[in-house]
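As structure tokens, the structure follows; a few thoughts come after it.
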Amino acid sequence: MRLATWNINSVRARVDRAIAFLERTGTDVLALQETKCADAQFPVAPFEAAGYEVAHVGVNQWNGVAVVSRVGLADVETSFPGQPAFGEQVEARALGATCGGVRVWSLYVPHGREVGDPHYTYKLRWLDELRERAAGWLADDPGAQVALVGDWNVAPLDTDVWDVAYFAGKTHVTPAERDAFAAFGAAGYTEVTREAIPAEHTYTYWDYQRLRFPRNQGMRIDFAYLSPAARARVTGVAIDRDERKGKGASDHVPVVVDLAD
């Protein structure tokens, strides 16, 4: 099974690219983030025409996550248990579905805005609650096949940003965020993209401004944490850098994980 995660930065603007990616790569399950649309606006028909089922949660032009699958799509949850709200709203940032025997969670971790901002506190609490739930899933079933994939909005290493000095005092690189990210490893999960692609200054995101992509001034913030049973099935990992090229590209690229049958 080929599983990919991609912050598509508006699925309606890039549905043709998404379908082309699925057809080009033979991806079976695609987790999408930042779809930027309400459920009724999601372009379901092109995915169904390509042979995929769709699950999506979104309420407006912000956030939004989805899973599309051609190997089954069952037991959909539009938030994880205990997912924190921001203000009074549980944002559309997590969607879980069972696809081909794997419990896939498409995750769009809060940005944090600025260190000390309420959204930063919310981000840390969001990650902590997710870790608690993820640890519980393994405690309940050590053989569970779980994939926590998406845009984590954390750069765990200094070499995951193009210039760590530029990010001094900003979100994504603070010790608290990095500790919250690393805690998933302590909970029993393995971040398999780093395991397979350890090369420094390998990025998954480049801002649209200031020629960041041509200058390779990016960030590595899209990851895949897998449970032990799922990790044992990994046969390959790729970061599809070419998907950042050309007109109408997202500012993120797909991260692909191959699992043995």
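The values are calculated or read from the model by the stated rules, or taken from the named source; none is laboratory data. Note that the structure is a prediction, hence the values are computed from the model and not measured. Note that each Cβ is placed from the backbone with ideal geometry, even for glycine, and that neighbours are counted across all protein chains shown. SASA here: full protein model, heavy atoms, side chains in, ligands and nucleic acids out. Shrake-Rupley method; radii C 1.70, N 1.55, O 1.52, S 1.80 Å.
Which residues, taken from the stretch 20-33, are within 23 Å of residue 246 (Cα to Cα), aliphatic (A, V, I, L, M) and within 18 Å of the chain's Cα centre (by Cα)? Listed by number, the residues that qualify are 22, 30, 31, 32.
Every residue, every condition in (1) assigned to a helix (DSSP H, G or I); (2) under 19 Å from the mean Cα position of the chain (by Cα); (3) modelled with pLDDT of 95 or more; (4) small (Gly, Ala, Ser), yes or no:
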site	(1), (2), (3), (4)
110	no, yes, yes, no
114	no, no, yes, no
124	yes, yes, yes, no
128	yes, yes, yes, no
138	yes, no, yes, no
156	no, yes, yes, no
159	yes, no, yes, no
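Selection over the stretch 210-227 of residues that are more than 19 Å from residue 154 (Cβ to Cβ), over 19 Å from the mean Cα position of the chain (by Cα) and at pLDDT 95 or above gives a count of 5. Return yes or no: is residue 51 loosely packed, with under 14 Cβ neighbours inside 10 Å and not in a strand (DSSP E or B)? Answer is yes for this residue.
Scanning the stretch 125-134 for residues that are open to solvent by 40 Å² or more (accessible area, probe 1.4 Å) and either in contact with a Phe, Trp or Tyr (Cβ under 9 Å, 6 or more places away or on another chain) or of a type in the set (Phe, Trp, Tyr) (or both) turns up 129, 131, 133. If the condition is being touching a residue at least 40 places away in the same chain (Cβ under 8 Å) and open to solvent by less than 40 Å² (accessible area, probe 1.4 Å), then the stretch 69-91 contributes 69, 80, 83, 84.
Could we say that residue 31 is small (Gly, Ala, Ser) and in contact with a Phe, Trp or Tyr (Cβ under 8 Å, 6 or more places away or on another chain) here? It would help to see each step written out before you state the result.
Working: small (Gly, Ala, Ser): yes; in contact with a Phe, Trp or Tyr (Cβ under 8 Å, 6 or more places away or on another chain): yes.
For residue 31, the condition - small (Gly, Ala, Ser) and in contact with a Phe, Trp or Tyr (Cβ under 8 Å, 6 or more places away or on another chain) - is met.
On the basis of being of a type in the set (S, T, N, Q), open to solvent by less than 20 Å² (accessible area, probe 1.4 Å) and assigned to a loop (DSSP other than H, G, I, E, B), does residue 216 make the cut?
Working: of a type in the set (S, T, N, Q): yes; open to solvent by less than 20 Å² (accessible area, probe 1.4 Å): no; assigned to a loop (DSSP other than H, G, I, E, B): yes.
It is false that residue 216 is of a type in the set (S, T, N, Q), open to solvent by less than 20 Å² (accessible area, probe 1.4 Å) and assigned to a loop (DSSP other than H, G, I, E, B).
Of all residues in the stretch 226-256, those being within 18 Å of residue 192 (Cα to Cα), assigned to a loop (DSSP other than H, G, I, E, B) and open to solvent by 40 Å² or more (accessible area, probe 1.4 Å) number 2.
Are any residues in the stretch 169-205 among the aromatic types (Phe, Trp, Tyr) and either without any contact (Cβ under 8 Å) to a residue 60 or more places away in the chain or open to solvent by less than 30 Å² (accessible area, probe 1.4 Å) (or both), and if so, which ones?
Those that are among the aromatic types (Phe, Trp, Tyr) and either without any contact (Cβ under 8 Å) to a residue 60 or more places away in the chain or open to solvent by less than 30 Å² (accessible area, probe 1.4 Å) (or both): 181, 184, 189, 203.
Of all residues assigned to the stretch 71-93, none qualifies as being modelled with pLDDT under 95, assigned to a loop (DSSP other than H, G, I, E, B), within 19 Å of the chain's Cα centre (by Cα) and of a type in the set (Phe, Trp, Tyr). A single entry from 166, 108, 122 fulfils the requirement of being under 30 Å from residue 217 (Cβ atoms) and open to solvent by 60 Å² or more (accessible area, probe 1.4 Å): 166.
Conditions (1) outside any strand (DSSP E or B); (2) under 16 Å from the mean Cα position of the chain (by Cα); (3) touching a residue at least 60 places away in the same chain (Cβ under 8 Å), marked per residue:
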| site | (1), (2), (3) |
| --- | --- |
| 3 | no, yes, yes |
| 17 | yes, no, yes |
| 35 | yes, yes, no |
| 46 | yes, no, no |
